[in-house]
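Read through the structure below, which is laid out as structure tokens, and then see the notes.
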Amino acid sequence: MTRPMVTRLTQRPAWKALEAHYQAIKGKHLRQFFADDPKRGERFTAEAAGLYLDYSKNRITDETLHLLVQLAEECGLRERIEAMFRGDAINVTEQRAVLHIALRTPRNEKILVDGNDVVPGVHAVLDRMADFSDRVRSGDWQGHTGKRIRNIINIGIGGSDLGPVMAYEALRHYSLPNLSFRFISNVDGTDFVEATRGLDPEETLFIVCSKTFTTTETLTNAHTARRWMLRQIKDLDGVRKHFVAVSTNAEEVVRFGIDTANMFEFWDWVGGRYSMDSAIGLSTMIAIGPENFREMLAGFHAMDQHFYSAPFDRNLPVLMGLLSLWYNNFFGAQTLAVLPYEQYLKRFPAYLQQLTMESNGKHITLDGSHVDYQTSPIVWGEPGTNGQHSFYQLIHQGTRLIPCDFIGFCQTLNPLGDHHDLLMANLFAQTEALAFGKTEDEVKAEGVPDWLCPHRSFEGNRPTNTILAERLTPHTLGALVALYEQSVFTQGTIWQIDSFDQWGVELGKVLARRIGQELEDENGEPLKHDSSTNALIQRYNRLKQK
Ligand code: G6Q
């Protein structure tokens, strides 16, 4: 299928204007930006769905914003948003609609895919999940031998793991304390052994999460789990009480031995990394309860609605996407640090790595040509204040420009002396230090010897966003995830790439299958890889016998 040629991004008037504008302001310091406009800390802010975004500590002027918004408009962001919300097949390389927004659409609304309203189906599954979650939470759903279920283990990988783990950790405060939750993703047997260590199979429920139900890692772990369970329960019937599946592939679920009555469905228009609010979130719902889960969906939905309707210059996901692109494409920044000052969000950066990099790590445009600009930044991060004692040195005084997103909450879920004030004081201090730095003169005035002054001074002019919310709740988490989802969408639209496919993960899978056979069949055909791969395989085969 040929695709219509679109104007190259770098040829667009707004892009060219941004290039010239960058030259004009690249040397200007944030100290100067604030001196020129003392009110910018109140002006360059936006608020939606319970999240307050302060983007004033960015190297931008009104003109920058104006041009970035113009770029978004020239690239058809408005039309693309509408196409996504309408259910058009905007995932062009897989010819699929992209409708994670439908997963959080209220019951009374309609979204048509090929003429069918998908919203009733979404709510039917949510209702079944709620019923099942309530049964597990209350102890009504028992194991095969009549014992109460105390351990829930989610088996899945990538999009079928990172969202559930992140959400479980993020919302642990709301989780039922008498249930333990564990997650197995890696095909490395260590993951399985450590996750099941000390558990009683009679009290354990496995949720096998796999959109395709053909993923090697997940199926290998699921089969191992079945053997682990059967070793003790010794009755195939036990599978019914100890395994449920979340998948789009009923046939494979049945082949594995799970009754479709114990299968929770989702649809091909939900991408793996966009699926934590579908049935893939079953472990989350069991942990926090159906009501809290619905609150989380309401948070997602509130941000979706804001994204759909707010003007671009007041639209949080659009602003965040455009700012990220500003540093990525004009300042040459290679990474984006996400720094939650909230221990419960410790897995949030890992979650965002997949969301961002698997979505926008592409170099071919929708019309099949090679990009001549950078696409996705590398996303990384750790919770504050821990990161301050490790890598912040490089952000403050290294040679690279690293834009950072700081995330904090006004109220803690665990009040403990002055811990929370100390935590938040550090967040505010870091964004201030990064923006304004400390000049050599200021350092000298403190009596520091001349030779030491260059080492002890801080250039500043390091850009940051601060996202501040009242409290980490299921609603806030939903809004936060949707904020990043839609920011990723904004960037992908401007880069003219398909943010919803992931062909780049295929080649490694195919080669691993072939090499897997060679590892089993050591005396088979001579190896036909390159000399490095051949030698590594031979060495492995030789040493594994020991
Ligand atoms: C996400 C990707 C990928 C996927 C995993 C697991 O967008 O598609 O991370 O989620 O490969 O796939 P299954 O859910 O099909 O096992």
*asked:* Of everything in segment 41-63, what is part of a loop (DSSP other than H, G, I, E, B) and free of Cβ contacts under 8 Å to residues at least 40 places away in the same chain? Give them in sequence order.
replied: Phe44, Ser56, Thr61
*What number of residues in segment 232-258 are free of Cβ contacts under 8 Å to residues at least 24 places away in the same chain and either within 13 Å of the ligand (Cβ to nearest atom) or more than 18 Å from Ala222 (Cβ to Cβ) (or both)?*
1
_Candidate set: segment 84-104, residues that are free of Cβ contacts under 8 Å to residues at least 24 places away in the same chain and over 19 Å from Phe307 (Cα atoms); chosen: the one surrounded by the fewest Cβ atoms within 10 Å (Cβ to Cβ)_ = Gln95
*So which pairs qualify, if the first residue must be in segment 132-158 and among the polar types (S, T, N, Q), the second must be part of a loop (DSSP other than H, G, I, E, B) and within 16 Å of the ligand (Cβ to nearest atom), the Cβ gap must be under 8 Å, and the two must be at least 6 apart or on different chains?*
Asn154/Asp161
*Could you say which residue among Ile184, Ile111, Ile149, Ile153 is over 24 Å from Leu352 (Cβ atoms) and within 16 Å of the ligand (Cβ to nearest atom)?*
Ile153
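Given the structure, is Leu355 in contact (Cβ under 8 Å) with a residue 12 or more places away in the chain, away from the ligand (no atom under 16 Å from the Cβ) and either more than 30 Å from Ile90 (Cα to Cα) or not acidic (Asp, Glu) (or both)?
Against the criterion (in contact (Cβ under 8 Å) with a residue 12 or more places away in the chain, away from the ligand (no atom under 16 Å from the Cβ) and either more than 30 Å from Ile90 (Cα to Cα) or not acidic (Asp, Glu) (or both)), Leu355 does not qualify.
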_Qualifying positions in segment 265-312 - of a type in the set (A, V, I, L, M) and not in a helix (DSSP H, G or I)_ = Val270, Met276, Ala310
*Among the residues of segment 23-40, write down those that are part of a helix (DSSP H, G or I) and over 25 Å from Gln486 (Cβ atoms).*
Gln23, Ala24, Ile25, Leu30, Arg31, Gln32, Phe33, Phe34, Ala35, Asp36
*Among the residues of segment 344-351, is any at positive phi and either part of a loop (DSSP other than H, G, I, E, B) or within 16 Å of the ligand (Cβ to nearest atom) (or both)?*
no
*Does Phe132 satisfy being in a helix (DSSP H, G or I), under 27 Å from Thr105 (Cβ atoms) and either within 16 Å of the ligand (Cβ to nearest atom) or over 18 Å from the mean Cα position of the chain (by Cα) (or both)?*
yes
*Going by the structure shown, is Met166 among the hydrophobic types (A, V, I, L, M, F, W, C) and within 16 Å of the ligand (Cβ to nearest atom)?*
yes
*Being under 21 Å from Met166 (Cα atoms), in a loop (DSSP other than H, G, I, E, B) and polar (S, T, N, Q) is the filter here, so list the residues in segment 352-390 that pass it.*
Thr385
*Test result for Arg226, touching a residue at least 24 places away in the same chain (Cβ under 8 Å), of a type in the set (D, E, K, R) and touching a strand residue (DSSP E or B) at 6+ places or on another chain (Cβ under 8 Å)*: yes
_For segment 259-286, give me each residue that is among the β-branched types (Val, Ile, Thr), away from the ligand (no atom under 13 Å from the Cβ) and modelled with pLDDT of 95 or more._
Thr284, Ile286
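When you check Asp259 against the structure, is it surrounded by fewer than 18 Cβ atoms within 10 Å (Cβ to Cβ) and under 15 Å from Glu202 (Cβ atoms), yes or no?
It is false that Asp259 is surrounded by fewer than 18 Cβ atoms within 10 Å (Cβ to Cβ) and under 15 Å from Glu202 (Cβ atoms).
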*Pick from segment 313-343 the residues that are small (Gly, Ala, Ser) and part of a loop (DSSP other than H, G, I, E, B): which of them is surrounded by the fewest Cβ atoms within 10 Å (Cβ to Cβ)?*
Gly332
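Would you confirm, using the coordinates I've provided, whether Val505 is of a type in the set (A, V, I, L, M), surrounded by fewer than 17 Cβ atoms within 10 Å (Cβ to Cβ), within 16 Å of the ligand (Cβ to nearest atom) and touching a residue at least 40 places away in the same chain (Cβ under 8 Å)?
Details: of a type in the set (A, V, I, L, M): yes; surrounded by fewer than 17 Cβ atoms within 10 Å (Cβ to Cβ): yes; within 16 Å of the ligand (Cβ to nearest atom): yes; touching a residue at least 40 places away in the same chain (Cβ under 8 Å): yes.
The answer is yes for Val505.
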_Residues satisfying the stated conditions in segment 195-220, i.e. farther than 14 Å from Phe243 by Cβ and within 11 Å of the ligand (Cβ to nearest atom)_ = Lys211, Thr212, Thr214, Thr215, Thr216, Glu217
*Name the residues in segment 486-524 that are outside any helix (DSSP H, G or I) and either charged (D, E, K, R) or under 22 Å from the mean Cα position of the chain (by Cα) (or both), would you?*
Gln496, Ile497, Asp498, Ser499, Phe500, Asp501, Gln502, Asp521, Glu522
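The values are calculated or read from the model by the stated rules, or taken from the named source; none is laboratory data. Small disclaimer: the values here were computed from a predicted structure and weren't measured. Cβ atoms come from the backbone with ideal geometry, glycine included; neighbour counts cover every protein chain shown.
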